[in-house]
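Note sheet for the following structure.
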Amino acid sequence: MSARPTSAPQGTPSAGISRVPYLPGLDGLRAVAVVAVMIYHANHSWLPGGYLGVEVFFVISGYLITLLLIGEYERSKRIDLRQFWLRRFRRLLPALYLVLVIVAAYITLSYTITREESRGDFLAGILYVSNWYQIFVGQGYASSEAFVPLRHLWSLAVEEQFYLIWPLIMAVVLRRSYKRLPELGLKLLMVAVAINVAVGVLFVSGAIYQGTDGGPSRGYWNIAGHMININDALYLGSFSRAGGLMLGAAFATIWRPMAILRGPIKNKAGRTDVVAGVGLAIVLAMMAFVYLTEKAGTVYNPLLYRGGLFVVGLATLMMIAGATHQRGRFGDLLGNKVLLWIGTRSYGLYLFHWPIYQFIRKQADIKMSLVELALALAITLPLTELSYRFVETPIRAGRLGGVRQALAGSGAHVMMSFSLLALAGTVTYSMVSADPHCVGQVRCSLQAADGNDDDAPPTSTTPATTQQTDDSQPTESTQSTDSTGGATSTTVSAKPYVAIGESVMEGAFVYLEGSGIRTFAKEGRGPEGAKNAMIKYRDQGYIGSGTQVVIQVGHNAPINQAALDAIMAEVPADAGTIWLMTLNGDAAWIEDNNALLTAMPTAYANVQIIDWHEAAKGLTLCSDGMHLTCGGDAAIIAYTNLILTALGLPTV
């Protein structure tokens, strides 16, 4: 047997110790990650930390992309940026654009009410900036937005931005450090550590809230007048989530599959398998227990931000070591046929599953049943396979020209092509022509503050003269005029029942109004807004002698005694009973707010409590435990009847 050369000339194919062979174990690892994410997206309670699969993806991407760049530099002493980006685009864009077309078609044909809300998500998805768009509008990963079929694109945006920037950096770095790769790896490890330390320092523990009515906020940056949720920005941001990518990149400099077979580690496959098994156990345990948020998304898990992501990254490196050691058993275990099928289609599964989930449940963060999940998978799996076989693989293999010729080869194919183009054109026009609409917590709260004067301080504090009338004998409203004859204010007859509240009460608006309660509810309203609404509708005459007023406020942020006293100070002296409703939900401040509300009758003789918190037990509410509109009409009717019973009115 001839002796193997101890070295080979650099720049030649025979020197390919950085060559990347096909490693089925890595596809198996991708399968574990994407299955965890899909379970988490279906129902958080099944796998509270399933979202950590995204971090596993990041580490794998950092490892493989860096390994490919090192291998290319080893072969040719340069990195062909154009070819690198072309390969990435062929790999990523076709399936992404297919998803965008499917979602846009669904919205246009079946759910047009959400066109304007989703338009920004489409543009951000096309440009691969979904993560920054979601940070800007306040569409956090854990938020329960009404309909966000493209929210999962944030992680693909982080990766694509990495693919655009990292080759440029490595092209420069490898010229100086190729012969000192372990030293480069140590530096990249330090970068990863620095990123995780910075995330831990910037993380805000405890309850996070955006102050209502211009009140104080906690856990938000005010950047040029725009409020940014700090913890959401750390979770979604390209730089703050680069820690996993850098860990993978650092590992690629010291753990190259072909180089392993030329060194002493080639005979340590058994030990590597043990290390990889420990890494898998760590990741699975964290997926089982490390939740992202609690208290209706208002309290973020400090363990995750202060070391949790870093631990997942290190455990993923342990698994990569086992999956890439070609003499080990761990790679064979992960490379079984089932995991291999899932792993090779993990990109498509990730892309398609979330929109399908949204089509079925219509709202993010709603827990799916097993039947709903089975239906979603029955749609997602075949759709993923079709995309993989007939869209992704042909384009990635450069067979697009052949597909084009085949389409032009028969009249049926030509007609199909024109039909698809017509559909795409119709969908595009529909999305572009939709009316503008806010989306996300920050954008909507800002729009509500700017565009609705219900909560604005009144321009005049002079009460209008009110006249009590029998509500069974309607009277027309009257206008007062100034010296020029222009109208200055409108007064109406006092109503016997008035309700002032926020988005929870807004969900029961139709029933309350239909039952004779004049209802003024607005999303995002806080105590200051409730006070200003009291002033406004008192001065307009809605609230007058004998009017019973139902007030619900405090779901959106903590309240204090001074704020409640300020509301009561604006109640007309001759008004009837003021009914304060307790709150229900998982937000961190609900318990303390309820304690303040239930103590109000001891300070004010005209105040009584409607205990919605107690009445809500056993009802199906939205995932935040607050809103009424996610489980049919049962919760809405129960909420309405609770108020009607307190007021002595017939129930619905």
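The values are calculated or read from the model by the stated rules, or taken from the named source; none is laboratory data. What you see is a predicted model, and the numbers here were worked out from it, not measured in a lab. Cβ sites come from the backbone with ideal geometry, for glycine too, and all protein chains shown count toward neighbours.
Of note:
- Cβ-Cβ contacts under 6 Å between residues 6 or more apart (or on different chains), taken from a first residue in segment 620-633 that is on the phi > 0 side of the Ramachandran plot to a second residue that is surrounded by fewer than 19 Cβ atoms within 10 Å (Cβ to Cβ), are listed as Gly625/Asp586.
- Pairs with Cβ under 8 Å, 6+ apart, first in segment 243-266 and in a loop (DSSP other than H, G, I, E, B), second modelled with pLDDT under 85: Arg256/Ile17; Arg256/Ser18; Arg262/Ile17
- Lone unmet requirement of (1) free of Cβ contacts under 8 Å to residues at least 40 places away in the same chain; (2) charged (D, E, K, R); (3) within 18 Å of Leu52 (Cβ to Cβ) for Asp365: (1)
- Filtered by the rule that a residue be in a helix (DSSP H, G or I), among the hydrophobic types (A, V, I, L, M, F, W, C) and closer than 17 Å to Tyr40 by Cα, segment 129-164 gives Leu153, Trp154.
- Residues that are modelled with pLDDT under 95, of a type in the set (D, E, K, R) and assigned to a helix (DSSP H, G or I), drawn from segment 209-242: Asp213
- The conditions of being over 17 Å from Ser240 (Cβ atoms), part of a helix (DSSP H, G or I) and at pLDDT 90 or above are met by Ile126.
- Residue in segment 22-45 that is surrounded by fewer than 22 Cβ atoms within 10 Å (Cβ to Cβ), touching a helix residue (DSSP H, G or I) at 6+ places or on another chain (Cβ under 6 Å), modelled with pLDDT under 95 and not in a helix (DSSP H, G or I) present: yes
- Taking (1) touching a helix residue (DSSP H, G or I) at 6+ places or on another chain (Cβ under 8 Å); (2) closer than 27 Å to Gly219 by Cα in turn, Asp592 satisfies each apart from (1).
- Matching entry among Tyr63, Tyr51 (being assigned to a helix (DSSP H, G or I), farther than 16 Å from Phe251 by Cβ and of a type in the set (Ser, Thr, Tyr)): Tyr51
- Yes/no for Val172 being without any contact (Cβ under 8 Å) to a residue 40 or more places away in the chain and either outside any loop (DSSP other than H, G, I, E, B) or surrounded by fewer than 21 Cβ atoms within 10 Å (Cβ to Cβ) (or both): yes
- Top-ranked residue of segment 275-296 - restricted to ones that are closer than 24 Å to Gly625 by Cβ and small (Gly, Ala, Ser), ranked as modelled with the highest pLDDT: Ala288
- Under the condition of being more than 27 Å from Met368 (Cα to Cα) and under 30 Å from the mean Cα position of the chain (by Cα), the residues counted in segment 309-333 number 10.
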